[in-house]
1. Do the conditions hold for ALA179, that is, is it part of a helix (DSSP H, G or I), without any contact (Cβ under 8 Å) to a residue 60 or more places away in the chain and either under 20 Å from LEU57 (Cα atoms) or in contact with a Ser or Thr (Cβ under 8 Å, 6 or more places away or on another chain) (or both)?
2. If a residue has to be surrounded by fewer than 20 Cβ atoms within 10 Å (Cβ to Cβ) and either on the phi > 0 side of the Ramachandran plot or of a type in the set (A, V, I, L, M, F, W, C) (or both) to count, how many in region 1-12 make the cut?
3. Residue check: is THR17 outside any strand (DSSP E or B) and within 24 Å of VAL172 (Cβ to Cβ)?
4. May I ask you to list the residues in region 147-171 that are aliphatic (A, V, I, L, M) and buried (at least 18 other Cβ atoms within 10 Å of the Cβ)?
5. Taking the criterion of being of a type outside the set (Val, Ile, Thr), part of a loop (DSSP other than H, G, I, E, B), over 21 Å from ALA179 (Cα atoms) and without any contact (Cβ under 8 Å) to a residue 40 or more places away in the chain, would at least one residue in region 24-41 satisfy it?
6. Please specify each residue of region 13-31 satisfying the condition of being farther than 13 Å from VAL112 by Cα and open to solvent by 60 Å² or more (accessible area, probe 1.4 Å).
7. How many residues are surrounded by fewer than 19 Cβ atoms within 10 Å (Cβ to Cβ), under 21 Å from ARG48 (Cα atoms) and not small (Gly, Ala, Ser) when one looks only at region 89-119?
8. Counting only residues that are buried (at least 20 other Cβ atoms within 10 Å of the Cβ), touching a residue at least 40 places away in the same chain (Cβ under 8 Å) and in a helix (DSSP H, G or I), how many does region 52-88 have?
Amino acid sequence: MQRKPTSEEIIAATGKTVSDIIAPNLRVLFCGINPSVYSAAVGHHFARPGNRFWRSLHNAGFTNRLLSPFEDRDLLQFGYGLTNIVDRATARADQLAPEELIQGQQQLSAKVQQYQPRFLAILGISAYRTAFYRPKAVMGKQDESLHSAIVWVLPNPSGLNAHYQLADLKRVYRELLVAIET
């Protein structure tokens, strides 16, 4: 779907999933918290207008042009993939129970073990703290790896995350890119 979904389609997408974009030996597996109902309605990651993921990737230098959510599969050609901690779509990430995040981390761990990305970038510090039992975690590179993947925490790119503006997102996403290229 490359059109704006109707309100009914968005409501009907509650609880649905968005397919992972994943392959073996990726440079980075980007991991959102869970899909928005908007993303589930259109079937593409980070599709909600106002989400700054695609712009952050481009501004930081991960992609040579600004991709649209409808081009999310094109990330594979750059060596990047997309998944989520929790598969089910909600209107807001705070609608997830801590138990869902913990269970989602176990499923994510199995994906990382199977596909062996070099880096795992979790997009959301609060979700990471809960899912990985790391209440004092900070942004950036984490002390532990997950099945040999270097774990890196980035801010959630949602437009609702007022703590990080586009310039801030560019800077912290760029830090990950620099680490990958060294």
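The values are calculated or read from the model by the stated rules, or taken from the named source; none is laboratory data. All values derive from a computational prediction rather than experimental measurement. Note: ideal-geometry Cβ built from the backbone for every residue, glycine included; neighbour counts use all protein chains shown. To get the accessible areas, we keep the full protein, side chains included, count just its heavy atoms, and leave off ligands, DNA and RNA. Shrake-Rupley method; radii C 1.70, N 1.55, O 1.52, S 1.80 Å.
1. On the way: part of a helix (DSSP H, G or I): yes; without any contact (Cβ under 8 Å) to a residue 60 or more places away in the chain: no; either under 20 Å from LEU57 (Cα atoms) or in contact with a Ser or Thr (Cβ under 8 Å, 6 or more places away or on another chain) (or both): yes.
Here the answer is no, as ALA179 does not meet what is asked.
2. At the first step, the residues of region 1-12 found to be surrounded by fewer than 20 Cβ atoms within 10 Å (Cβ to Cβ) are 1-9, 11-12.
If we keep only those that are either on the phi > 0 side of the Ramachandran plot or of a type in the set (A, V, I, L, M, F, W, C) (or both) too, we end up with 1, 11-12.
Selection size over region 1-12: 3.
3. Working: outside any strand (DSSP E or B): yes; within 24 Å of VAL172 (Cβ to Cβ): no.
Answer is no for this residue.
4. Once the filter is applied, which keeps residues that are aliphatic (A, V, I, L, M) and buried (at least 18 other Cβ atoms within 10 Å of the Cβ), region 147-171 yields ALA149, ILE150, VAL151, VAL153, LEU154, LEU169.
5. Just the residues of region 24-41 that are of a type outside the set (Val, Ile, Thr), to begin with: 24-27, 29-32, 34-36, 38-41.
Pick out the ones that are also part of a loop (DSSP other than H, G, I, E, B) and you get 24-27, 34-35.
In the following step, the residues that additionally are over 21 Å from ALA179 (Cα atoms) were identified as 34-35.
Imposing the further condition that a residue be without any contact (Cβ under 8 Å) to a residue 40 or more places away in the chain reduces the set to none.
Taking every residue of region 24-41 in turn, none turns out to be of a type outside the set (Val, Ile, Thr), part of a loop (DSSP other than H, G, I, E, B), over 21 Å from ALA179 (Cα atoms) and without any contact (Cβ under 8 Å) to a residue 40 or more places away in the chain.
6. THR14, LYS16, THR17, SER19
7. Of the residues in region 89-119, 3 are surrounded by fewer than 19 Cβ atoms within 10 Å (Cβ to Cβ), under 21 Å from ARG48 (Cα atoms) and not small (Gly, Ala, Ser).
8. So the count comes out to 5.
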